[in-house]
Ligand SMILES: *Cc1c(COP(=O)(O)O)cnc(C)c1O
């Protein structure tokens, strides 16, 4: 499989080049030349397959000839070490729980898979690699955990000062070893800009072999397709018939997750509709309405991992839909909710279902319910079910959950331990020159 930049201004790349470069040389994002499709029989028998089996089948299609069969099995075994169950709230709604990994957020899927595939290639070529990543919350924790102690790889993580929760900050700053955290005096967009500048800096590139781990890396998107398929598999196993319309509501920031959903659909997953649900950072829903993509500065909200004013995966969605607003706005619906409505939804969900949901999942659930309400018509021939993606464990937003629902989620074992450890980070101004100096001095 060859990988092409969304800007079409550079040579096609192998998978290895695409993941090690992260950003394409023309500043675009990599996508496979064609979206591979799963055999019809595979989709037909989906209920038989586990998350791991789905992961292997999909990975083979995306990178089959560059990594051996055993290599792929090894990568899947080491990255998919936790389940992605569905909790049904009612007949028509469910939560796909993507937060059972080590950092308690769905970014574990992307980060662990990427760490394993990069580790595999670095081992082959025997040249050290430096990972540079900006996080608005959960990426950093997942990346830190996924890459911890991977031989030949060092990691620098940039995060906005005051822009992440206490637990998130601990997940970034308490590993030590091959992981360094930078606390930036600025917003997530500043962090992301500094990372982008680093990748376009020829001098830095010449001195160190740099790679990204944001949702711009294609290796992050591939494993995110797995759970859409495994969610369908779980629903079929629960007795939901294949004809039933299944919609996924995706809490969205950089749009990586919903892009993976679209890729899964193009691979043949029977998905009726995808919804990108956002907080007040609504650049994408505004685009869906107006046809104009107008990035703005990000605003802080209680669902801070979605505080993105200039979602980078828009470029991928745009290309996947032939740069046609008409196609894109059919493939993906958008919806937006403010913090107050989100808090109310968390409260309602707990009261009605006894289910504690984090603010990101709550935004998705709101969009799921509003969309479902539009489908309640006597003319609707098939029943439908809407699955909201639960992207973070409620404990990661303990204070907000407590304020909204009056109870504290039980502390899972994954974080009981890091709460004991001390934060260690380097403070940075939001200047690329300062970052560059730090990176070079670490060589
Ligand atoms: C990153 C993140 C999101 C947004 O996902 P994108 O792929 O950036 O759209 C949503 N929820 C949580 C908890 C996240 O960490």
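Residues that are crowded, with 19+ Cβ neighbours inside 10 Å and assigned to a loop (DSSP other than H, G, I, E, B) are absent from region 52-62. In region 218-230, which residues are touching a strand residue (DSSP E or B) at 6+ places or on another chain (Cβ under 8 Å) and either more than 27 Å from residue 336 (Cβ to Cβ) or more than 16 Å from the ligand (Cβ to nearest atom) (or both)? Answer for region 218-230, where residues must be touching a strand residue (DSSP E or B) at 6+ places or on another chain (Cβ under 8 Å) and either more than 27 Å from residue 336 (Cβ to Cβ) or more than 16 Å from the ligand (Cβ to nearest atom) (or both): just 218.
Against the criterion of being touching a residue at least 12 places away in the same chain (Cβ under 8 Å), in a helix (DSSP H, G or I) and surrounded by 19 or more Cβ atoms within 10 Å (Cβ to Cβ), residue 226 qualifies.
Go through the residues of region 169-178 one by one and say whether even a single one is under 30 Å from residue 5 (Cβ atoms), within 14 Å of the ligand (Cβ to nearest atom) and in contact (Cβ under 8 Å) with a residue 24 or more places away in the chain. Yes, region 169-178 contains at least one residue that is under 30 Å from residue 5 (Cβ atoms), within 14 Å of the ligand (Cβ to nearest atom) and in contact (Cβ under 8 Å) with a residue 24 or more places away in the chain.
Kindly list, by first and then second residue, each pair from a residue in region 353-368 that is more than 22 Å from residue 333 (Cβ to Cβ) to a residue that is more than 12 Å from the ligand (Cβ to nearest atom) and modelled with pLDDT under 95, limited to pairs with Cβ atoms under 7 Å and residues at least 6 apart or on different chains. If the second residue must be more than 12 Å from the ligand (Cβ to nearest atom) and modelled with pLDDT under 95, the pairs left are 356/409. Within region 1-34, being assigned to a strand (DSSP E or B) and under 21 Å from the mean Cα position of the chain (by Cα) holds for 3, 4, 5, 23, 29, 30, 31, 32. In summary, residue 286 fulfils each of the numbered conditions (1) within 16 Å of the ligand (Cβ to nearest atom); (2) assigned to a helix (DSSP H, G or I); (3) in contact with a helix residue (DSSP H, G or I) (Cβ under 7 Å, 6 or more places away or on another chain) with the single exception of condition (3). In region 64-78, is there at least one residue being buried (at least 23 other Cβ atoms within 10 Å of the Cβ) and either touching a residue at least 60 places away in the same chain (Cβ under 8 Å) or in a strand (DSSP E or B) (or both)? Looking for residues that are buried (at least 23 other Cβ atoms within 10 Å of the Cβ) and either touching a residue at least 60 places away in the same chain (Cβ under 8 Å) or in a strand (DSSP E or B) (or both), one finds none in region 64-78, hence no. Residue 233 meets each of the listed conditions (1) surrounded by fewer than 24 Cβ atoms within 10 Å (Cβ to Cβ); (2) within 14 Å of the ligand (Cβ to nearest atom); (3) over 13 Å from the mean Cα position of the chain (by Cα) apart from (2). Take the residues in region 236-261 that are surrounded by 21 or more Cβ atoms within 10 Å (Cβ to Cβ) and closer than 19 Å to residue 44 by Cα; name whichever of them is farthest from the ligand (Cβ to nearest atom). That would be 246. Residues of region 101-119 being touching a strand residue (DSSP E or B) at 6+ places or on another chain (Cβ under 8 Å) and surrounded by fewer than 24 Cβ atoms within 10 Å (Cβ to Cβ), which ones? If the condition is that a residue be touching a strand residue (DSSP E or B) at 6+ places or on another chain (Cβ under 8 Å) and surrounded by fewer than 24 Cβ atoms within 10 Å (Cβ to Cβ), then 119 is the only one that fits. Go through region 120-142 and give me each residue that's part of a helix (DSSP H, G or I), in contact with a strand residue (DSSP E or B) (Cβ under 7 Å, 6 or more places away or on another chain) and at pLDDT 90 or above. Scanning region 120-142 gives a single hit, 122. Residues in region 350-362 that are more than 14 Å from residue 277 (Cβ to Cβ) and either modelled with pLDDT under 95 or within 16 Å of the ligand (Cβ to nearest atom) (or both): 1 in all. Residue 368 meets the conditions (1) modelled with pLDDT of 95 or more; (2) under 29 Å from residue 101 (Cβ atoms); (3) surrounded by fewer than 19 Cβ atoms within 10 Å (Cβ to Cβ) in every case but one. The failed one is (3). Is it the case that some residue within region 38-49 is within 16 Å of the ligand (Cβ to nearest atom), surrounded by 16 or more Cβ atoms within 10 Å (Cβ to Cβ) and either under 18 Å from the mean Cα position of the chain (by Cα) or at pLDDT 95 or above (or both)? No, because not a single residue in region 38-49 is within 16 Å of the ligand (Cβ to nearest atom), surrounded by 16 or more Cβ atoms within 10 Å (Cβ to Cβ) and either under 18 Å from the mean Cα position of the chain (by Cα) or at pLDDT 95 or above (or both).
Only residues that are over 19 Å from the mean Cα position of the chain (by Cα) and within 15 Å of the ligand (Cβ to nearest atom) were counted in region 262-279, giving 0. Sort out which residues of region 143-166 are more than 12 Å from the ligand (Cβ to nearest atom) and part of a helix (DSSP H, G or I), and write them in order of number. 144, 145, 146, 147, 166, listed by residue number. Residue 182 satisfies every condition listed in (1) within 15 Å of the ligand (Cβ to nearest atom); (2) more than 27 Å from residue 56 (Cα to Cα) except (1).
The values are calculated or read from the model by the stated rules, or taken from the named source; none is laboratory data. A quick note: this is a predicted structure, and the numbers were derived from the prediction, not measured. Backbone-built Cβ (ideal geometry, glycine too); neighbour counts: all protein chains shown.
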